[in-house]
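Colleague: Have a look at the structure that comes next, please.
FYI, it's all coordinate maths here, none of it is from the lab. What you see is a predicted model; the values in this text were computed from it and never measured. We place every Cβ from the backbone using ideal geometry, glycine too, and count neighbours over all the protein chains shown.
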Amino acid sequence: MTQLPPEMFSIPRDEAGGPVFEEPWQAQAFAMTLKLHDRGAFSWPEWADYLAREIQVAQARGDPDLGDTYYAHWLAALEHIVADKGLVGAGDLARRKDQWAEAARDTPHGQPIELRRPNS
């Protein structure tokens, strides 16, 4: 696998050195990744390989990778690693994505998106 330069993995940071997220989902994907790593679901080298592959695929599609798509790559890598590790089934992941898309369509602009309980 081609090695990407370390700056490709640089998380956007604020002046105090903390991570910067433009949307809540970005912070959630970041936090889920850290939690799964803490629980031993994958190593950092494994994670770096998944993220590098997502970035390379995006660049091959023409993504100029100006930083505005970084967390889209992050989320795609997270989805792939949890599926490959058997932490979530592909069908379950697809259903959850559909549920979120439906909830987003049904949520008025500016309101928080919430998933309905399965029996509601």
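Colleague: Need the full-extension length gain, residue 22 to residue 46, defined as separation in residues times 0.36 nm minus the C-alpha distance. One decimal, nm.
Modeller: Here the answer is 6.1 nm.
Colleague: Given labels modelled 7 Å from the Cα in the Cβ direction, how far is it in nm from residue 68 to residue 104?
Modeller: 1.6
Colleague: Could you work out the helix-only [θ] at 222 nm for the chain, with each DSSP H run of four or more residues adding -39,500 (n - 2.57) and the total divided by the number of residues, to the nearest 500 deg cm²/dmol?
Modeller: -17500 deg cm²/dmol
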